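The values are calculated or read from the model by the stated rules, or taken from the named source; none is laboratory data. Being a predicted model, the structure only gives us computed values, none of them experimental. Don't worry about glycine lacking a Cβ; one is built from the backbone with ideal geometry, like all the others, and counts go over all protein chains shown.
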């Protein structure tokens, strides 16, 4: 049976249970244990403490586990069940990207024993609580993690409410009109009615990430495959989020960190790439001002960020959660005007945007390029990485990576997944 969720009405009675500044300071001094589990939303949707993602997604998590080392210090552990080659570990250290220890969970727990640690999964879920149960946390921290894992905070309905409240309080001509805002739909008939108003739409399941759990509908009539997906999602999760398919110009995200005493720190804007169906491809690293300010001036982006910061301070997210949070946005063209949808999704967890910012802190300040993930069902990532390394060998300046190709994961002969930096 799925655990009882803490809804936003219940969250309001738990504000005092967030970490105090004193305990946050204690937490910052502890050894950190990083675990890459981007299937956390799927685990929440399942609800079981014993949930296991499909095999191919578990393979993805294992292969990309090293990317969290970009957040780690020397004393920290990055969990990875299969050992990494010494050559990969040495290169990460030589390039100044990471000197963390890569350990299996059993090895890590044997080393820390009863030492209190700071657990840093990609995101929390009942299954992640169970997976990390062998570690010791400060009691107040453990209680907070349990509340997050058993809440409905990851559901898209909260992003829809946040977006509507933000747009109501911050009217701008370059924001979507009311009829362009996302809506919650609870039946197949409601989807069909929505299609009458918008010829092309995007449907999103309540719990999913990285562009998965999406259906892009480009025709007025739903086909059998569309109907099956809609009915299955409604039966399992109760509703869908619907929005028009915009004429996209750019993807971006506003990055924040939520701290004790309702403090919200704006970390900056990151620009990323998706395919035509909205699935994540990669991030721009140190993008040029031409890219960043092509559509909106710096003061306009700062005004949006200020408004989002104020909205976060009074939202359900800050009533329960502390840590990194990304708000995905979309720049699009409509009626011969460039507009921005300021809140498509809210991710109260680690995300690729804050990861790209971690990369930017590690490389040469004058470098620019891309961070990208790799997947090909038939072509090994090893072959791709070897070819790229020959064509674009890494070059350092002032002991920092300046240009070239660097794999952030250790490709094996059978690796289908990978992640890398390519700097120009």
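A few points about this structure:
- Only one of 236, 279 that is assigned by TED's automatic domain parsing to the domain that holds residue 217 and either modelled with pLDDT under 95 or buried (at least 20 other Cβ atoms within 10 Å of the Cβ) (or both): 236
- Listed by first and then second residue, the pairs with beta-carbon distance under 8 Å, at least 6 apart or on different chains, first residue in the range 397-410 and at positive phi, second assigned to a loop (DSSP other than H, G, I, E, B), are 398/364; 399/96; 404/392; 404/393; 404/394.
- Listing of helices (runs of 4 or more DSSP H) fully contained in the range 29-132 that carry 1 or more residues being closer than 22 Å to residue 363 by Cβ and touching a strand residue (DSSP E or B) at 6+ places or on another chain (Cβ under 9 Å): 55-64, 86-94
- Strands (runs of 3 or more DSSP E) wholly inside the range 213-281 containing at least 3 residues that are farther than 21 Å from residue 309 by Cβ and in contact (Cβ under 8 Å) with a residue 24 or more places away in the chain: 214-217, 240-244, 247-259
- Every listed requirement among (1) buried (at least 17 other Cβ atoms within 10 Å of the Cβ); (2) at pLDDT 95 or above is met by residue 83 save one, (1).
- Any hit, the range 183-201, residues being closer than 25 Å to residue 352 by Cβ and assigned to a loop (DSSP other than H, G, I, E, B): no
- Flag for residue 142 being free of Cβ contacts under 8 Å to residues at least 12 places away in the same chain, over 26 Å from residue 352 (Cβ atoms), in contact with a strand residue (DSSP E or B) (Cβ under 9 Å, 6 or more places away or on another chain) and surrounded by 14 or more Cβ atoms within 10 Å (Cβ to Cβ): yes
Yes/no per residue for (1) at pLDDT below 95; (2) surrounded by fewer than 20 Cβ atoms within 10 Å (Cβ to Cβ); (3) within 25 Å of residue 54 (Cα to Cα):
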| residue | (1), (2), (3) |
| --- | --- |
| 93 | no, yes, no |
| 101 | no, yes, no |
| 104 | no, yes, yes |
| 126 | no, no, yes |
| 129 | no, no, yes |
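Yes/no matrix, rows are residues, columns are (1) crowded, with 19+ Cβ neighbours inside 10 Å; (2) farther than 22 Å from residue 304 by Cβ; (3) touching a strand residue (DSSP E or B) at 6+ places or on another chain (Cβ under 8 Å):
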{"site": "322", "(1), (2), (3)": "yes, yes, yes"}
{"site": "326", "(1), (2), (3)": "yes, no, yes"}
{"site": "332", "(1), (2), (3)": "yes, no, yes"}
{"site": "337", "(1), (2), (3)": "no, no, no"}
{"site": "344", "(1), (2), (3)": "yes, no, yes"}
{"site": "347", "(1), (2), (3)": "yes, no, yes"}
{"site": "352", "(1), (2), (3)": "yes, no, yes"}
{"site": "356", "(1), (2), (3)": "yes, no, yes"}
{"site": "368", "(1), (2), (3)": "no, yes, yes"}
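- When we screen 166, 162, 174 for residues that are at pLDDT 95 or above, over 29 Å from residue 44 (Cα atoms), surrounded by 14 or more Cβ atoms within 10 Å (Cβ to Cβ) and touching a helix residue (DSSP H, G or I) at 6+ places or on another chain (Cβ under 9 Å), the only hit is 174.
- Unique match (being closer than 22 Å to residue 359 by Cβ and either outside the structural domain of residue 24 (by TED's automatic domain parsing) or over 25 Å from the mean Cα position of the chain (by Cα) (or both)) among 87, 120: 87
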